[in-house]
1. Those residues that are outside any strand (DSSP E or B) and modelled with pLDDT of 70 or more, I need them from segment 34-76; list them, please.
2. Going by the conditions given, is R641 part of a loop (DSSP other than H, G, I, E, B), basic (K, R) and in contact (Cβ under 8 Å) with a residue 60 or more places away in the chain?
3. Report yes if some residue within segment 512-527 is of a type in the set (G, A, S) and in contact with a strand residue (DSSP E or B) (Cβ under 7 Å, 6 or more places away or on another chain); otherwise report no.
4. So is D658 farther than 26 Å from P369 by Cα, out of contact with any Pro (no Cβ under 6 Å at 6 or more places or on another chain) and surrounded by 16 or more Cβ atoms within 10 Å (Cβ to Cβ) or not?
5. Could you tell me how many of the residues in segment 280-325 are under 29 Å from P214 (Cα atoms) and touching a strand residue (DSSP E or B) at 6+ places or on another chain (Cβ under 9 Å)?
6. Within the group S315, S333, which residue is farther than 23 Å from A71 by Cβ, surrounded by fewer than 19 Cβ atoms within 10 Å (Cβ to Cβ) and over 27 Å from the mean Cα position of the chain (by Cα)?
7. Here are some conditions: (1) more than 20 Å from R639 (Cα to Cα); (2) surrounded by fewer than 24 Cβ atoms within 10 Å (Cβ to Cβ); (3) in contact (Cβ under 8 Å) with a residue 60 or more places away in the chain. G393 meets all but one. Which one does it not meet?
8. Please find, among T410, T356, the residue that is part of a strand (DSSP E or B), touching a helix residue (DSSP H, G or I) at 6+ places or on another chain (Cβ under 7 Å) and surrounded by 24 or more Cβ atoms within 10 Å (Cβ to Cβ).
Amino acid sequence: MLHRRKAPTLRSRAGICTLAVATLAACTRERPAEPAPPQLSTVHRFVEQGSRIADDARLTHGSHVFLGTDARPVLTAARPYVPGLLCESTDGPHKFCRAKRPADLPAAPHAIFARGSASSVKHPDLHDGPPAPDGAATVAATAAAEDANLAPGATPAAADAAPPPRFARSVLLPPGEETPVGWLMALQHLLARTYAIPALEERQIATGPFTVPPGALLRLSIGVEEPVWWVDSAPVLFRVVLEDDSGAQQDLYRRILDPAHNPADRRWYDSDVDLTDLAGRTIRLRFTTEPVQTGDTRPSLPLWGDPRVLAPPGSGRRPSVVLVSLDTLRARSMSLYGHALETTPNITRLAARGTTFDNAFTTFSNTLPSHMSMLTGLLPATHAVFGPPDVLGEDRTLLAEQLRRAGYATAAFTEDALLDSRRGFRRGFSTYYENTASGAGAGDAGHTFGRALEWAGRHADEPFFLFVHTYQVHFPYDPPPAYRTLFTGPDAASPVDGQRAYEQEVRYTDDLLQRLVDGLRRILPDEELLLVVTADHGKEFFEHGLLTHNQLFDEVMHVPLVIVWPGHVPAGRRVAELVSLIDVTPTILQLVGAPVPPGLDGLSLAPLLAAPAGTLSRDTVFGEYPWTAMVPEQHFVARSREAKCIVTESGAKDACFDLRADPGERDPRSPRETREFERLHDAARAYGARSRAASIAAADARAAERAGPAVAAPAGPPPADQPVPDPPDENIARKMRALGYVQ
């Protein structure tokens, strides 16, 4: 028999409080004065990317689910509805939702749904359950949503013996965008599609047995998925139940969420459950969700977000890692890199505490491929993510995945658009936040940095990897009023169109970054914070006749790179060695002692940070940009310290530059003029052929996926290990318009 435990102490945003099981009260009082929390590390994770419990496809294990714009890896039963419903309020009893569904998923029967009742015809892939208590006709969930009370490594026998699923409710989906505007509402009702959402019953997910280490706590998130926020869904009781070897059970955690009737519940809730008095015991945990009232058959979609056990580490504390990407920040406009205007005084002071790389270059003049290179250590010709249709292959590994496997808490705070999480960026992140705000300017660094700092404060007691991205200095330039008078005096040089506003944005972003750094330093000691500041590409202001970043000259390709880790990275050092964005991932992994995956194109910069400094076994870096309406062919560049060659697909405009005599790249030379030019020209052409082959292969794979099999796929959800194609996202389209990428 289990001994009776005291109510567990929970750590939440609101502070430290005791959760009374009887009242199920939320934490509301201020955090009292207390000693610093023990330094923790992940010792047991219950969600691993891409894995499944007992090879049972009915239980997804490691998929990401968004609540608002914040994604978590979740542990939850597979669901027989199309995820991502877009719902709109109405004055009547109906709730209209537009489905974001794969084109190859057969539609359910036409139906009309009213809150609390539904009428439908039988579908071959659904079976009838008993009538609802209110007498309304209902549709049963498919077998894919049957209870699967399985532990890792357990047999699915219990699931085979489970009773058939009970009844579920449906959601009315009006016709898609192909429906002509002006059709009568009654006709919309006739053409609407209905999708089943499972009725809320008790569901349990059991872990395998594990031994609780000393000083442990269980950190978890709970939430209810968006499609039931606007229907009459059931309140959900979340419980974490402890089970010992004898089978005795005891509640460790209880909380009720009711997002349909309480808008405050429409988000993730983070909690810590104290396990210290269980140290040394072997236990199982059951993550249980059930209706608050017995017999309540209304639907709901409860989720457990990334539960894990943390405990004090057995040896030294690992540093937390913060990687900041300031989109479109060119080194040429930074006072850190010699610009006459004082645009980056804070980054300059930050760099004095660490190491600055004077010759860091991007791999692509566009946001999506360059960030994928930054976060994988792979050239675009290797990762093959060139544009929005492309998705990172499952055989590739992201920096966040490597650090997550090493026990890090991981989070990304981005400003979406080309950093669309569906391209693969969210893999490995315990939290993935997309700031979809877009106003007069496309950037929102104040909000993005603030959310990132808030998350860091909640996770300061464990090593974390935090990726932060902002479009603040990207077009359109809209600096705050206080910054619009900077760099405009009579002695200021006359800028080209837009450059002055851009540099004012740089100065503003420099201040915002300093606030982020100050906040991080209040949370963590300097020796426990590894900070990397860089950019994905720069910007041209008519240096070569255009206002763009679709070119390969240094105003676009030369990016900042600063690494700060007091006590481990030399302070005040400037490195002249040629480096690339593909070096960021292996450098971070080596510095924190995490495994570096084989086959990376990038090199660790750790030798350049040693005392004395070493060298790299590389004398050339590569870059590219895609064809555009103005320049309808791809361009590729190979660069050394002293020269560079830019080549085109046709070869008609191939040119090389002597960077010692012509640092502004205004005097194109013949590729055959010097031996160094010949070497770089041949290297650029070889890289271009490799990149084009990768691009063609990616396009062929997309075409094959669109064509699909000759026989239509069966109805129902895809297998747990098969990704669902992503629908268009209006938030992303809006941000792309704000950034100037689309009209």
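1. If the condition is that a residue be outside any strand (DSSP E or B) and modelled with pLDDT of 70 or more, then P38, Q39, L40, F46, V47, E48, G68, T69 are the ones that fit.
2. yes
3. Looking through segment 512-527, none of the residues is of a type in the set (G, A, S) and in contact with a strand residue (DSSP E or B) (Cβ under 7 Å, 6 or more places away or on another chain).
4. Considered against the rule, which asks whether it is farther than 26 Å from P369 by Cα, out of contact with any Pro (no Cβ under 6 Å at 6 or more places or on another chain) and surrounded by 16 or more Cβ atoms within 10 Å (Cβ to Cβ), D658 comes out as yes.
5. Here is the first cut: in segment 280-325, the residues under 29 Å from P214 (Cα atoms) are 280-289, 303-322.
Retained after the next criterion (residues that are touching a strand residue (DSSP E or B) at 6+ places or on another chain (Cβ under 9 Å)): 280-289, 303-314, 317-322.
So the count comes out to 28.
6. S315
7. Status for G393: all satisfied but (3).
8. After ruling out the rest, the residue left standing is T410.
The values are calculated or read from the model by the stated rules, or taken from the named source; none is laboratory data. Predicted, not measured: the structure shown is a model, and the values here were computed from it. Reconstructed Cβ throughout: ideal geometry from the backbone, glycine too, with neighbour counts over all protein chains shown.
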